[in-house]
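Report on the structure given below.
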Amino acid sequence: MVAMDDVEVAQAEIAAVPTTFEGSVVLLDVREDDEWQRGHVAGAQHIPMGDVPARMAEIDPDAELFVVCHAGGRSLRVANYLARNGYTPVNVNGGMLAWTAAGRPVVTDDGGVGTV
């Protein structure tokens, strides 16, 4: 149930999420720094959930914006916040757990194979 003060945020199953991110398609990873360092999607933009309000100017308001976290809860909260502030985000159902379960690659900052 969506709270009265929340706007409706689109949800995407992992199969509907692009596999590459560049230009007008953004995957915003809102996990904490240690989670990001263990492994993330190549080309994703990283802004930890708690930093999003202060760093919103870094998020392209015109991009096709997918928001991801570990399992989908934090990203939904961030997506709701962004939607209330003029963005049109899509929450990634299942988060990085769904990404890796679908066999999609995860990398580390140095280009190695990452984990979730």
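Residues in the stretch 35-85 that are farther than 22 Å from Thr19 by Cβ, open to solvent by less than 60 Å² (accessible area, probe 1.4 Å) and more than 13 Å from the chain's Cα centre (by Cα): Met56, Ala83. Residues in the stretch 4-13 that are open to solvent by 50 Å² or more (accessible area, probe 1.4 Å), part of a loop (DSSP other than H, G, I, E, B) and of a type outside the set (Asp, Glu) were compared, and the one that is modelled with the lowest pLDDT is Met4. Would it be correct to say that Asp109 is in a loop (DSSP other than H, G, I, E, B) and acidic (Asp, Glu)? The answer is yes for Asp109.
Looking at Thr100, is it among the hydroxyl-bearing types (Ser, Thr, Tyr), within 13 Å of the chain's Cα centre (by Cα) and open to solvent by 30 Å² or more (accessible area, probe 1.4 Å)?
In short, no.
The values are calculated or read from the model by the stated rules, or taken from the named source; none is laboratory data. Quick caveat: nothing in here was measured; it's all calculated off a predicted structure. Methodologically, a virtual Cβ is constructed for each residue, glycine included, from the backbone with ideal geometry; neighbour enumeration extends over all protein chains shown. Heads up: the accessible areas ignore ligands, DNA and RNA and are worked out on the full protein's heavy atoms, side chains in. Shrake-Rupley method; radii C 1.70, N 1.55, O 1.52, S 1.80 Å.
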